[in-house]
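These notes concern the structure reproduced below.
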Amino acid sequence: MLNARIKLRHLQAFLEVARQRSFARAAESLAITQPGISKTIRELEDTLAVQLFERTPRGVSLTQAGLTLLRHAGPAVRALEEGVDAIQAVQTGSHWLRVGTLSTVESWLLPEALRRWQMSTTTERGAQVVTGTSAFLLSRLRRGELDVVVGRMTEAREIHDLSFEHLYYERLQLVVRAGHPLLLEQAPGADKLCAYPWIVPPPQTTLRQQVDSFFVRHGLTLPAQRIETLSLALGQRYTLTGDAIWVAPEEAVRSALERRELCELALPLEPHGGSVGACINRSLRPTLATETFCEVLREVAADVVKGHNL
């Protein structure tokens, strides 16, 4: 039986401190004072007779007891929120979806899936879309703060205890603007690519692993003259207006390649494409909105595969 002294505010404060790794940021997020959130956490620790956090030079980290509570408190609070949301959905006729998205699917797969999902019923449907790295999004999915994460993420370590559904394979491409000096050469060697600026995914991302592997295979060092970003808009604009080489997801540059604004270099970045798919947290019961969205996502992915085979 749950200790009567433990209130919802205790769990909410605990989850926010665990997410922010900071009492100050958690207090700001919850719109309460830092002494107030410290007192709330202290009350929870006294009730459980354990220490949940320990201070580090970078903020606070969870103790073993804190990690244990996190695995159970997140799904529990999420289940309660789902119950409240379900009641409100019945009353208002709306359905809400929280989606995490990686840059690999921002250009077509996700927008098209959301469009079809919203048009597939007369019921009002809304979605919150959160962008970021796979580590960030999957950690939020694990805590029950997202319903589904979509993108290329099978290489992510954080995926091991979550459920991933493969949809299709997609390559990372090396692209440059039309008229780029490298396009004048028949088969430029990898060493010649280092003479130009690069646009690459940031370190500690699954996409960056493929870039690093490419340079290792060719015995090269990634040029210091580079921009590290996951922004597709920035990558495309910077590539179109200069001589940079952009490491871009196939989906993101398909239209620009068809218009011949961008061109793919003959040297492949990776031997095979990565697996694009949807990840959910099986420890939480999927909402109706999540289930219907995943069905639509499969349909759109089938169209992607069909387009690749044309």
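The values are calculated or read from the model by the stated rules, or taken from the named source; none is laboratory data. Computed from a predicted model, the values in this text were never measured in an experiment. Every residue, glycine as well, gets a Cβ built from its backbone with ideal geometry; the counts of neighbours run over all protein chains shown.
In table form, for the structure just shown:
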item: Scan of region 155-208 for residues that are part of a loop (DSSP other than H, G, I, E, B), under 22 Å from the mean Cα position of the chain (by Cα) and surrounded by 15 or more Cβ atoms within 10 Å (Cβ to Cβ), ordered by number; result: A156, L162, R171, P201, T205
item: Search result, residues across region 6-37 that are β-branched (V, I, T), closer than 18 Å to A73 by Cα and over 23 Å from the mean Cα position of the chain (by Cα); result: I6, I37
item: Scope region 155-182; condition over 20 Å from V200 (Cβ atoms) and touching a residue at least 40 places away in the same chain (Cβ under 8 Å); matching residues; result: I159, L162, S163, F164, E165, H166, L167, Y168, Y169, A178
item: Among (1) touching a residue at least 60 places away in the same chain (Cβ under 8 Å); (2) of a type in the set (S, T, Y); (3) surrounded by 14 or more Cβ atoms within 10 Å (Cβ to Cβ) - the single one T241 does not satisfy; result: (3)
item: Candidates E45, E54, E16 - the one that is outside the structural domain of R125 (by TED's automatic domain parsing), free of Cβ contacts under 8 Å to residues at least 24 places away in the same chain, surrounded by 14 or more Cβ atoms within 10 Å (Cβ to Cβ) and touching a strand residue (DSSP E or B) at 6+ places or on another chain (Cβ under 9 Å); result: E45
item: Residue among E270, E299, E295, E291 that is part of a loop (DSSP other than H, G, I, E, B) and acidic (D, E); result: E270
item: Members of region 108-135 found to be loosely packed, with under 15 Cβ neighbours inside 10 Å and aromatic (F, W, Y), listed by number; result: none
